[in-house]
Each structure stands twice: as structure tokens, then as C-alpha cells.
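Undergrad: Below you'll find the structure I mean.
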Amino acid sequence: MPDLLIELFSEEIPARMQARAAEDLKKRVTDGLVEAGLTYAHAHGFSTPRRLTLAVEGLLAESPTVKEERKGPKVGAPEKAIEGFLRGAGLTADQLEERDTPKGAVYFASITKPGRPAAEIVAEVLEDTIRNFPWPKSMRWGAGQLRWVRPLHSILCILTDETGHSVVPMDIDGIKAGDTTEGHRFMGAGRFAVTGFEDYAAKLKRDHVILDAAERAEAIWNDATNMAFAHGLEVVDDKGLLAEVAGLVEWPVVLMGDIAEDFLGLPPEVLQTSMKEHQKFFSVKNPKTGRIEKFITVANRETADHGKTILAGNQKVLFARLSDAKFFWENDLRVARTGGAAWLESLNNVTFHNKLGSQGDRINRIAALAREVAPVVGADPDLAEQAARWAKADLSSEMVYEFPELQGLMGRYYAEAAGLPTEVAGAAQEHYSPLGPSDDVPTAPVSVAVALADKLDTLTGFWAIDEKPTGSKDPFALRRAALGVIRLVLENGLRVELNQLHTKANEIAGPRENSSGEQSFADVNELRGFFHDRLKVYLRDQGIRHDVIDACIAMPGNDDINLLVKRATALQAFLGTDDGENLLQGFKRANNILTQAEEKDGVEYSFGADVKFAEADEEKALFSALETAGAAISSAIEPEDFAGAMTHMAALRAPIDAFFEAVQVNADNDVVRRNRLNLLGRIRQICLGAADLTRIEG
């Protein structure tokens, strides 16, 4: 079985596109080969700034011969129908076979598709892959029609087996496949031939190209951390930057440079962001002080002066960049020390949304709502309002205008410079959180109050103007905002009623013009349903079944998220036991019998069961068990001891099982029958007091 090696060699591929492109090449080629009948053992994709590579091991030498039988039209069918069938099958009339079927005589065609050599199939599949490659952006060059992310220079495509290697014959817009490639742009020795993947990878490394992006990243990180350690420093971890830099170089050479003394007083996040965004530098910090003191850059070549010239050039450019950052920082500090009034005033002229007013309007709403939320979360209302009014101030700062990703963080620094309370500074940074499932949730009461107010205002506002998420579209990140509220409530153990919060947000915001041009408020019930949908997603990720969540959402108090989750957690644990599963079956049996009887009789059997009409011992025992368990379950639910309630429910399993085993509910005696049906109604009433078990599957 031969091995296949493909390399598409071009000008520099943007780093952000490389990993996806290597996967796309692998998937499209291997899918095409398998579809054509060529199976394989293993496939691996690789990328460097100038090449996409695919190595396929254990490929079939040729596709197998395939025999296929097709059923055609009836004998005696119109001539055009028969001709069409013959054309599709690639046969002549004398090659058809007549067979008798239950529907009469029918033509059948036996088609044999001979196998094809691997080279022929590879050429077809690779050409189709190249011509239809899904680059996010592509270009044409010269006079050809081929599109690629950057000009494509050469195609290496060879099949290798125990007898040697051979080039797969193909030509795409004048680019003929061959068995040669070239190494590093500056340190390579020119083009060279290869005989297979191992030879290819070894010769590339000899010519200063590390083919595997993961190997390049590991080399960068090891050299960088060792270099920093030698100076008693640490490299700031940044996996995204590491992956990007590994896509910028084929032969990484790590260099460490100094940051001018003028800039060491800048906040470390400012230094880190400026160096990362503009220069793709890693930050190196002093672990004792947290101060960024040096930088790491990664060159793409070795030099005779061991990188001194490269470092000098980088430091010169970095000085200019950091001079800008220092200028922004100093200007912003002057504004902050005056109380930031100019920033807050300018936000009145910044539109948040044409139907929701300016950023200034939004700040007023958030401040009013934060004051209302504060007592619920244990925050001081005055501090919560003050924090909400400051929280967006840094959006007008020069630093955040240059580096939007620093919003919030700079608000904290500027609040500290303005001498504002610690709680206000903390809320400025934390009120955006949580932004994602792995983001930390604020715990400081003032921060929680502002974070909740910010997200609730967003949700009620966009709901009122009919800008709701649809399908996969959520341009205003409302799903993220709802999940943020859920996590803030759950992870801080807050007892809040969503309906009240939505109503209060509506009152503060006032009516808004909806999609019909009418003034309206956000629909509170609709918003609660949206939160329940988000909660289902959140709890499913925690392992709680969707039907368990539905059973708890159907209960009173379902706008209290913490109450709902406590109930769902207890119910899930209960249903995971034998007692829980069997009791569920007993409940469903009782409920089914009741439902049928109530439909037939036109009455509801939910009261009046009397033990004096009980005949069997099992029947009397169930009366006693229901009386005991009913009181115990109610007593447990009152203080929200749902686990305790489920434990008391478990005690009903045995008497319910015994009742159904020994007693016929639909007795001949009508009084006994009605009494037993009312007894089943008591089972339903008690069980539904804990959760709506009708919604549980199984």
C-alpha cells in the first residue's frame, strides 16, 4: 500500500488561517479519496507560513472493481424512457436483462465499474480540492484563474511504496506537480527532491523548517521560559499569542529585549496589550512585583550577531508604540483626577441604539436599576448607583479607544486615580463579567449589583424593541447576557425573583418603540421563558436532564432560579435511585388510571378518599403511608428541603407497589371504585407537590 505526500507551497499564509486550512486540506482530500473507493490507514495535516502539507499512510494502490445492479423501466415502456435508462447506465439495449417481477417484466442492468489507479484518483481529488478550497479570503494573480490565499508557487504530490516513489501527474493552471520543495526563505539551500514523508520532514528541518506547528510552539515556549528564568523572570502565559507566533515563523529564534525605563510605570495590562497587539511580543514579568520588565520576540532566522540588530529594530519600534500608550495613559489620568466629568458628558453624545438612546441614557437606567437591586444582593444602594455611573466612563478614554479590550480594567485604574471608593473601582472592572462559561463571576456585592443591572437593562431594552435572538443569530449577545445573570444569581446564592427584576427594569426604562412602531414594554413572561431556556442549557452542561428541569419549571416560584435549581438537583438525585425510578412508575400508573377514569366519568378524583371503605390490608397500609408521607413532604418543602422531601417520597414506593399488586382499582362496587380512584388522586397530589412528575420521561 503506497503512502501519499502532498505539499502546497505558496507565499505567506496568514497565521490565523493556517490550522483550519491544514484541517480542510486533510478532510477534503481524504473524503474525496474514500468516496472514490481509496481507503487509508492514517492521515496527518501540517502547516507553516508558506506551506500546507498532507501525509496519508496506507492508501490503496487502486480502487476496487464495483459491480452494481440497477432496476430500469418495465418491458414495453416508452422508447425514450428506455433510452434514458441506457444512457444513465452506460449500456446498450442488448446488455439489458428482462426479469419477471410481481409488477410484470422489468429491465435490469448489471454495471461493472473497474477499479482505477490511485494516482488518477488523487489527481482528480487534489485538483478539485485546490480549485474549491474554502479560504476565508483568496486572490488571483498573474493571468490565471486559480484563486488561493496567496500566490501558489508549487505542488508536491508523490506516491511512495516499497519500490520507490512516483509523481502524481497533474497540472493546475500551469503549475505541474513534482517531487521537489524548498526550505527556509532566507536560510534554505534552494529546491530539493524528496522520496516520502520522513525524507521530506527531515530535509525540511535540515533546511531550517519545522513542519509541525505544535513543535514550533513548544520550541518557542521552552526557549522563552528558559530565557526568562535565567533572569529571575516569568513569561506571561498567552496561548492565543503563542499559536499565532508559531504561525509566523518556520524556524523560531527566541530573543529577549528590554523595555525602556520610561514605560515601566505603565499598568502591566497596558504594556502587555500594546506589545501583543502591535508587535506580537510576549510580556516578561517580575514575579515579585508583577511588573512587566522585558519582552520576548520571535525571529524567523538566525543571524551572525545573534539577533542584536533584530532586537535593536524591535526596541526602536516598541519605544514609539509605548510612547503612544504613555501619552494616552497620562492624558486619561488628568481627566480621571478631575472626576471624569468630561468622559461622562461625552457619553451623552454616543448612541447606544437608535431606539434605546445614548450611552448616557443607558448609564442613567443602569444606575437606577443598580440602586433597586442593591438591597437584594447585600450592597449599599448609594455605592451601587455611584459605581454604575462610573462603570462606563472609560469608554471615552483615549486608552480604551486605542485598545477596546481594556475597557473595564482601565475604568478600575482611573477610579483609583480619582480617589473613588474601592467598591466603585472594582465594579468598573467586574461588571462586564461573566462574559463566557469559563469567566469568573463577581462576588463583591456592589459589582454584582451593577453587573446584574447592566445585563437586565440590556435584555429588557432589546426585548421591548423586538430585537430578540433568532436561530443562530444573536447580534446583541442576549443569550450571553441571560447566562451571565443566571451565573451571577446561582454562584452568589442570591434569592431573586426574575419577574420583579424585569418589571423594575421596565419601569425604569419606560416603553419603547417596537417593530410595529408601537410603544411597548418587554414582555416579562416571554423574558422568563427565555431565561428558562438558557437555564436548561446551563444545567444540561452540569448533567441535569432536560425533563427534570421541565418538571421543576412547571412548579410555583419558577422565576426564583436558585429555588428551581435546588429542586432540580434533588429530583435528579432521587430519580437516580431504585426507589425514585420505581416510585415514578407507580405515579405514572396511578396518573394514567386516573386520567382515563376522569375522562370517562367526567369528574375529578382529587378528594374524599376514606379509609373506612378500604377492604384490602395493602389498601389500608397505603392510606396510612400517604398520611404520614404527605405531612412529612409538606413540612420539608416549606423550608425548601427538597432532598428531604424526596426521601419521604421514597417511603411511598413499597406501599404503592403493594397496593397495585393486590388491589383492583376499578372494582365492581362503585363506592369502592370511587374511593380507590380518590386514593390515587391523593398519590398524584402528594407527588406533584414536589415536582411535576408528568413531565418526566420513561
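Undergrad: If a residue has to be in contact with a Gly (Cβ under 6 Å, 6 or more places away or on another chain), among the hydrophobic types (A, V, I, L, M, F, W, C) and not assigned by TED's automatic domain parsing to the domain that holds Val249 to count, how many in region 300-354 make the cut?
TA: Of the residues in region 300-354, 1 are in contact with a Gly (Cβ under 6 Å, 6 or more places away or on another chain), among the hydrophobic types (A, V, I, L, M, F, W, C) and not assigned by TED's automatic domain parsing to the domain that holds Val249.
Undergrad: Find the residue count for region 234-246, including only residues that are buried (at least 22 other Cβ atoms within 10 Å of the Cβ) and assigned to a loop (DSSP other than H, G, I, E, B).
TA: Here the count works out to 0.
Undergrad: While we're looking at this one, here's another question. Could you please tell me which pairs satisfy a Cβ distance under 9 Å, a separation of 6+ or placement on different chains, a first residue in region 421-445 that is outside the structural domain of Leu478 (by TED's automatic domain parsing), and a second residue that is in a helix (DSSP H, G or I) and surrounded by fewer than 20 Cβ atoms within 10 Å (Cβ to Cβ)?
TA: From residues that are outside the structural domain of Leu478 (by TED's automatic domain parsing), there are no pairs.
Undergrad: Right, something else. Thr470 is checked against (1) buried (at least 20 other Cβ atoms within 10 Å of the Cβ); (2) under 30 Å from Gly517 (Cβ atoms); (3) among the hydroxyl-bearing types (Ser, Thr, Tyr) and fails just one. What number does that condition carry?
TA: Among (1) buried (at least 20 other Cβ atoms within 10 Å of the Cβ); (2) under 30 Å from Gly517 (Cβ atoms); (3) among the hydroxyl-bearing types (Ser, Thr, Tyr), the lone unmet condition for Thr470 is (1).
Undergrad: Asn132 passes all but one of (1) loosely packed, with under 14 Cβ neighbours inside 10 Å; (2) over 29 Å from Val56 (Cα atoms); which number fails?
TA: For Asn132, the exception is condition (2).
Undergrad: Hey, another quick one. Go through region 586-600 and give me each residue that's loosely packed, with under 15 Cβ neighbours inside 10 Å and not basic (Lys, Arg).
TA: Asn592, Thr595, Gln596, Glu599 - these are the residues of region 586-600 that are loosely packed, with under 15 Cβ neighbours inside 10 Å and not basic (Lys, Arg).
Undergrad: Quick check on this structure: which one of Asp361, Asp324 is surrounded by fewer than 19 Cβ atoms within 10 Å (Cβ to Cβ) and touching a residue at least 60 places away in the same chain (Cβ under 8 Å)?
TA: From the options Asp361, Asp324, the qualifying one is Asp324.
Undergrad: Sticking with this one: Could you list, ordered by first residue, the pairs with Cβ atoms under 7 Å in which the first is in region 542-557 and within 25 Å of Gln500 (Cβ to Cβ) and the second is outside any helix (DSSP H, G or I), at least 6 apart or interchain?
TA: That search, which allows pairs on different chains as well, returns Ala551/Ala691; Ala551/Asp692; Ala551/Ile696; Cys552/Ala691; Ala554/Asp692; Met555/Ala691; Met555/Asp692.
Undergrad: Hey, which of the strands (runs of 3 or more DSSP E) in region 128-198, taking only ones fully inside, have at least 2 residues that are of a type in the set (A, V, I, L, M, F, W, C) and in contact (Cβ under 8 Å) with a residue 12 or more places away in the chain?
TA: In region 128-198, the matching strands (runs of 3 or more DSSP E) lie at 152-161, 175-178, 191-193.
Undergrad: Do you know which residues across region 573-605 are touching a Lys or Arg at 6+ places or on another chain (Cβ under 7 Å) and either free of Cβ contacts under 8 Å to residues at least 24 places away in the same chain or among the charged types (D, E, K, R) (or both)?
TA: Correct list: Asp579 only.
Undergrad: Among the residues of region 89-120 satisfying the criterion of being assigned to a helix (DSSP H, G or I) and at pLDDT below 85, which is surrounded by the fewest Cβ atoms within 10 Å (Cβ to Cβ)?
TA: Filtering region 89-120 for residues that are assigned to a helix (DSSP H, G or I) and at pLDDT below 85, the one surrounded by the fewest Cβ atoms within 10 Å (Cβ to Cβ) comes out as Asp94.
Undergrad: Just the residues that are touching a Cys at 6+ places or on another chain (Cβ under 6 Å) and either on the phi > 0 side of the Ramachandran plot or aliphatic (A, V, I, L, M) (or both), please, taken from region 555-595.
TA: Answer for region 555-595, where residues must be touching a Cys at 6+ places or on another chain (Cβ under 6 Å) and either on the phi > 0 side of the Ramachandran plot or aliphatic (A, V, I, L, M) (or both): Leu564, Ala568.
Undergrad: Looking at (1) modelled with pLDDT of 90 or more; (2) of a type in the set (S, T, N, Q); (3) touching a strand residue (DSSP E or B) at 6+ places or on another chain (Cβ under 8 Å), which is the one condition that is false for Thr65?
TA: (1)
Undergrad: Kindly list, by first and then second residue, each pair from a residue in region 498-518 that is within 24 Å of Pro556 (Cα to Cα) and modelled with pLDDT of 90 or more to a residue that is aromatic (Phe, Trp, Tyr) and not in a loop (DSSP other than H, G, I, E, B), limited to pairs with Cβ atoms under 7 Å and residues at least 6 apart or on different chains.
TA: Every condition considered, the pairs that remain are Leu498/Phe531.
Undergrad: Name, by its number, the condition in (1) more than 30 Å from Ala243 (Cβ to Cβ); (2) touching a residue at least 24 places away in the same chain (Cβ under 8 Å); (3) in contact with a helix residue (DSSP H, G or I) (Cβ under 8 Å, 6 or more places away or on another chain) that does not hold for Leu52.
TA: So the condition that Leu52 fails would be (1).
Undergrad: Inspect all residues belonging to region 460-480 and state whether any of them is acidic (Asp, Glu) and touching a strand residue (DSSP E or B) at 6+ places or on another chain (Cβ under 7 Å).
TA: Checked against the condition, which is being acidic (Asp, Glu) and touching a strand residue (DSSP E or B) at 6+ places or on another chain (Cβ under 7 Å), region 460-480 yields no hits at all.
Undergrad: Quick check, is Asp382 under 27 Å from Arg534 (Cβ atoms), surrounded by fewer than 22 Cβ atoms within 10 Å (Cβ to Cβ), without any contact (Cβ under 8 Å) to a residue 40 or more places away in the chain and not assigned by TED's automatic domain parsing to the domain that holds Pro267?
TA: Answer is no for this residue.
Undergrad: Here are some residues: Glu405, Glu416. Which one is in contact with a helix residue (DSSP H, G or I) (Cβ under 8 Å, 6 or more places away or on another chain), without any contact (Cβ under 8 Å) to a residue 12 or more places away in the chain, surrounded by fewer than 24 Cβ atoms within 10 Å (Cβ to Cβ) and assigned to a helix (DSSP H, G or I)?
TA: When all the criteria are applied, what remains is Glu416.
Undergrad: Here's another thing I want to ask about it. Among residues belonging to region 220-232 that are aliphatic (A, V, I, L, M) and either within 25 Å of the chain's Cα centre (by Cα) or surrounded by fewer than 19 Cβ atoms within 10 Å (Cβ to Cβ) (or both), point out the one that is farthest from Val209 (Cα to Cα).
TA: Filtering region 220-232 for residues that are aliphatic (A, V, I, L, M) and either within 25 Å of the chain's Cα centre (by Cα) or surrounded by fewer than 19 Cβ atoms within 10 Å (Cβ to Cβ) (or both), the one farthest from Val209 (Cα to Cα) comes out as Ala230.
The values are calculated or read from the model by the stated rules, or taken from the named source; none is laboratory data. Remember, it's a predicted structure, so these values are computed and weren't measured experimentally. Methodologically, a virtual Cβ is constructed for each residue, glycine included, from the backbone with ideal geometry; neighbour enumeration extends over all protein chains shown.
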